[in-house]
Structure formats: structure tokens, C-alpha cells
Amino acid sequence: MTSETRMRASTELPEARDDLPPRAAFRIDVEGLRAVTALLVAGFHIWGSKVSGGVDVFFVVSGYFITLTLLGHIRRYGTVRVRAYLARLAQRLAPMTLMVLTATMLITWFVLGRGARGSTFEQVIASLLSLENVFLAFQSIDYLGQTEPKSPVQQFWAMSVQGQFYLIWLVVVIAAVSLARRYGLDIRRSVGILVAVLAVTSFAWSMHQTSNDQAFAYFSPLTRVWEFGIGAGVALVLPRVVIDRRVRIGMAWLGLAGVITCAAFMPVESAFPGAAALWPTLSAALILLSGQKGDSLAANAMLNQRVLVWMGSFAFAIYLWHWPLLIAARWLLGQEHLGWKSGLVVILAAILLAWVTSKWLERPVMQASRSGHVGVRRRANLLLVVAFTIVLVAAVASLVSVRTVEAVERDEVAVMAGEGLDCFGARAVLAGDPACRAPELGEQVVPLGSPADDLQLPELECAVKRYHADARMCAYGAIGADTRIGLVGNSHAIAWFPALERIALEQGWELRVWYKNGCQFASPQRIGTEPWLADECAEWVQNVQADILAGPSLTWIMTSAHGASAWAGPDGEASSEAARAALSKAWTPLIDAGTDVVVVRDYPKSSDENLACVERRGVDAVDECARARADVLSDHDEMFLQASALAGAHGIDLTDAICDSDRCWTVAGHVKVYRDRSHLSNTFAASTSGLMADRLREQGLIGASEANG
């Protein structure tokens, strides 16, 4: 019997009231379903490129059992005992949560690279407070944050949603009891009405937000309430329906087939949790509704197999353990995707750890915390409070320690970088010795810390976020100078800000920045831009044009875009003519007003494997972590090519700062070239300023600016 089922059964009276569902028999088929779902989630995380929809099944099952638990309170006590309800939830969830988070912090300190520490400890704190989903949701809003490597704590987003739901459902059932008493309704009907209203509202919002902001919707509790509501609905109606045996058999098989095949046929990585999530949630509901009658032909009979029921009793722990083990394995093996053998080892290790910790930690602590002996119960509950406090303090102390060391080292490196070391970043590449060693830097590879700590100033101060298209401008460099230049575009344009700001300061120019996540300085946007973003970008480009033309004159502006960008012709296919038209529409009004346009050729792409290679190898990573130039640098950068051919526009190429004729570097001169797989690090970008100045001088832009000023 699972802990959740025991919690439900222990709070129910033998006799049932007419207005509440009677006691439900222990569902070993649901234990089997949990095991299948946990294995599906782990398997798709390890070997698949999608998510499995398994978490949605967990949500339905949780909604089913927690509803029975709360109704059991009412049956026994006439109301919900809030303290007892919350205490039992904590006793059920806390032991395994604290164990896995403690192990994850140890893995972070002793296995993973330094760059992973700060963000991981932040997420440990968020997970302890059941806010990991909120942390990830707001990180997903940040266009740059979406490319951060996955943390070993990320699986706790589902636990956080579940914890938030338990609180929501507590309020719902208490409100239902109050309404039932006030208006003379039976409690089951009152609960059913509120559940239906919340589920329908949540589903409608899920549809809306998934279509508009899928990354945020995926982690939002508001878009997930309806999934728990389906399970709650089953709990309310199952005791009152009689289903023919043949129909039950069909329901069970259809439900199990839906659970297993969801990820294979659904675009779950981009469509969840909207209407697409009906597939796994309704599949789970069919299994719950089919009941457990022991039919040899039913899918329930397969789910009732002893090994699945055994694993189902600690499926929660399998889900928690598999993720940090997977992240550690990827790190140690240097592979973003594991093979069958190594992946199987991760799953077996997760099952073993889950069984051991469930048997020797979770169950003893939970039994003691619910003991009939007052002294034993108090000591066990005190132990949980102390353990929670210790883990939280350890996470906070770890985070403070990491951030303090990083701040000190950043200051030291900034001083050394400013002293013009030849063996530093792009300067080492241009000198022909990217593997050089600077005694002043020792074994350090910079920048330090997580990708989120390496954001450019405009990203932090000036970014125009979603739902906005205003021409927000921020000024840098020699503010108030007579000569003004601009930087306009998305993250691939803003990547060059550190170098351009340095040039502006050296030349005594004011640098004006207009930046919006995901928007090229083109109209219309490139192929593949989501419709909602294309509309925002079109408005933003117009507003930026108007702002530049209405303000003080700019000598020239700089922009860039992803090298694979393409624009669609009338037939919907990529077309150079369409690209020329889209770019000319954005640039020509400025060029006609005397402001030239400078396009920087896009930099080579990186990957999570290359980034992990640098973290593992450190200063020795130069040759081992290099990539073939032909594999990572786009030969056909449409924006760069059009700028090179358009009057009033200029194309400059800074690839020499990153690549030689054959290879492109991921680390050079003690500096990480990339912050994440899509963006240059600030430190490296700043080190390209000398080459950028040379390229601008070759185009006559620095001289022209000085003369104009």
C-alpha cells in the first residue's frame, strides 16, 4: 500500500455518508501505473529528445488520491483538519526530498563544474520552498536564460507544482464544505461544482498561455490545475458509476496505450500543457475509471504485476533520483546524450537508490512521525524540522560562499584583463597561440559562475520584454558626446556590446542601445519566428526607426542576427530577394537620413557538450574542446551578405577572433568563448574590441565618426 493510500485510508470512517464517495479499495494497478510512468519519464529524459507526458499522469493520480484524502477527513471529522493534513503531506514528502537535495548538493560540489554551482544552489532553495517551477517559469521568460544548462535540481519543478496544488485543493474543499452547509447542498456535489469550475477555467487558460508563451505555461501551476482536476473528478464519480466488463477492458487498454505512446506521437516539447496534454491525462483517467476487477485480459492485470507494484511503491523516489544521476553521468562521460548501456545504468542506479532510501529512510521516518506514541511522534516531527533547517542553511551558505568567491575572482580578472594581457581571450587567438598560459591567471578559466551571471548590461537594464514593443533606449560610453553610434537588435547583436562599449569609451562616443529579445532589425522577421513575436518585432522595429530618426543624429548603427536566419519569398521558401527587401525596409529610412548600418557576421555556434568539455578540462581545454570550423560556422549569413552589397551598409567579419582556418575555439587565452550554447561570454566579446576597431577603421567608420564629431 502506498503512503498516499495509507494516508487516505487512515482518515476515513468505516461507515460512509450518502453525500460522499465510499471508501475506495487499494488500487495496486495504480501502483503499477506509477512505476510505468516513472520509467517512461526517466527513459525519455535519458534517450529521448522530448518529454514523455508522464508527469501529467502523475498529476492526475495525485488529484485522484488527494481528493479522496480530503473527503476522508470530512467523513471522519466533519471538516478538514488543516494541521493534520499539512503535517501528513510534509511527513510524506519531506524525507525523500531532503535526501535527494542533500545528495544533489554534494554532486554539485564534488562532481559538476564550478559554473553550475551558483544556479544549482539557488534552485535547491527554490525547491525546498516548493517554488522551483516558479523559478524556472520566470527563467523561461528570459530569452537568454532559456539556454542555460539543465540543473541537477530541475525535476523538482513537478514537485513544486504538486505542493502548490495540495494547498489549492485544501482551500477548494474547505470552501466546498462551507458552501454546502450554507446552501444545503451535499458535499460531493459542492466539491464537484468547484472542481469543474476550476478545471474548465484552468484548461482555458492553459490553452491560451501555451499558445502565447509555452515556456512559461509549462511550469505554471495555473495551467496545470485542470490536470489534477481530472483525477479529482474520477475520485468523485467512480464510486457511483457501473461500467460493463468489456468496456472496462477496452478503457484500460486504451488508457495504457495512450500513456505509453504519448511522447511518440505528440509534439509534447512545444504543445504542453495545452490541449495536447489531454492525451496523457485522459489516458490516466481511463485507467482509473476502469477500476480493478482482476480481469485477465485487462491492462490492469499487466499493471498488477508484482515487480511493477513493487516499484510503484517508491516511484516518487525513482523520479527524484534519476535526474541528478543523469546530469552527473552526462558530466562524467562528457556526453549530452547517453548510450543504451550507460542510460540503463542510470535507471538501475535510480531504482536501487530509490528502493534503499525509501525502505531505510522514508518509511521509518514517516511511520515514526505518525506513531501512536506521542514521544516518538514528536521526536520524528522535530527531526524533520531540524533536517529541513539544516539543508536550507547549507544551501544558503553554499550559495553565499560561491557568489562571494566569484565576485572576488571577477574583480581580480577584470583588473588583469584591463592591463592588456596578450594571453587573454581573442588577443591570444589573434596572436596565433590560443593555448598560451599567463602566469597572472594561473589555472583560471573565466568568466566564472553560471551563464545568468554573465549577462550584458543592456540585457539587465534595457531589454524590451514580451508584450512590449516600445523603443526603449539606454545610453552608454561617453554619454553626452557629440558623436553618437547605436546598437540595435536581438541577443546576437547585443553579444557585441562589450567590445563596442569599449571602443565608444576609447573614442569618446556615446553608444545608444535598442534591444528586444528575439527581434532582428528587419521587417518582416525571419522564417520560423512565432506569429506573436513577429507582430511584436514589427511594431518594435517601426518604433525604433521613429525613435532614431526623431532623436540626435547617429553616425552609424551596428546590428547582427543568427547566421542561419532566412526570409521567406512568396512561395514560403528562403529567398535572398526577400531578405534584401526585409532588411532594406528596416535600414533604408536610417541610411537615407545619413546613418550607416554595420552588420557583424554571426559567430560560430556552440553546444552543451562543448561547454561541458571546457568545465571539465579547464585551461587544458583549448585543443580538446575545439570544433571543426566547417561544422559550426554558417557560410551563408544572409544579413551579413546583404549588408556587404547594400549602399550605406557595411559588413564586418570578426571570425578571426574565434577561429583559425580549420578550427574554432571554445576556450582561448584562459577565457571561455561562450556563456551558453547560443551566446558569447562578455569577457571574450570584450577582448575582440581591438579587432572590431580595426575592421571599423577598414570601413572608414572610425575615421568618419571622428570627422563627423
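Just so it is clear, none of the values below were taken in a lab; they were calculated from the coordinates. Worth saying up front: this structure is predicted, and the values here are computed from it rather than measured. Cβ sites come from the backbone with ideal geometry, for glycine too, and all protein chains shown count toward neighbours.
Counting each DSSP H run of 4 or more residues in the chain as -39500 (n - 2.57), what helix-only mean residue ellipticity at 222 nm follows after dividing by all residues, to the nearest 500 deg cm²/dmol?
The per-residue figure over the chain is -19000 deg cm²/dmol.
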Ordering of 66-79, 374-387, 508-521 by packing [mean C-beta count within 10 Å, highest first]: 508-521, 66-79, 374-387
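Quick check: residue separation of D433 and A275 times 0.36 nm, minus the Cα distance between them. What number comes out in nm?
So the extension gain works out to 51.4 nm.
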Selection from P239, V55, V599, by position along the positive dipole direction of the chain (Cβ): P239
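Kindly rank 182-193, 538-549 from highest to lowest mean number of other beta carbons found within 10 Å of each residue.
538-549, 182-193
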Non-local Lys pairs in the chain, i.e. 8 or more apart or on different chains, that have alpha carbons under 30 Å apart: 24
Label-point separation in nm, E409 to R378, each point 7 Å along Cα→Cβ: 4.8
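Highest mean first, what order results for 555-561, 664-670 on Cβ atoms within 10 Å?
Output ranking for 555-561, 664-670: 664-670, 555-561.
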Amide hydrogen neighbours beyond the local backbone of V671, cut-off 5 Å, H modeled: G425, V446
20 Å binning of all Cα-Cα separations within the chain, expressed as whole percents from 0 upward: 16, 43, 29, 12, 0
Rough spin-label spacing in nm, given labels placed 7 Å along Cα→Cβ, for D694 and V200: 6.9
Linear extension gain, D470 paired with T588, 0.36 nm per residue minus alpha-carbon span: 40.4 nm
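Can you give the charge dipole size of the chain about its Cα centre, rounded to the nearest 20 debye, using +1 on the beta carbon of Lys and Arg and -1 on the beta carbon of Asp and Glu?
Once rounded to the nearest 20, the dipole reads 5060 debye.
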For V598, distant residues with modelled amide H under 5 Å away: I557, M558, T559, H650
Distance in nm between pseudo-label sites at R81 and S553 (7 Å out along the Cβ direction from Cα): 8.2
Antiparallel bridges, percent of DSSP beta bridges restricted to the chain (to nearest 5): 40
Listed residues I327, L352, H562: farthest to the positive end of the dipole of the chain (Cβ charges): L352
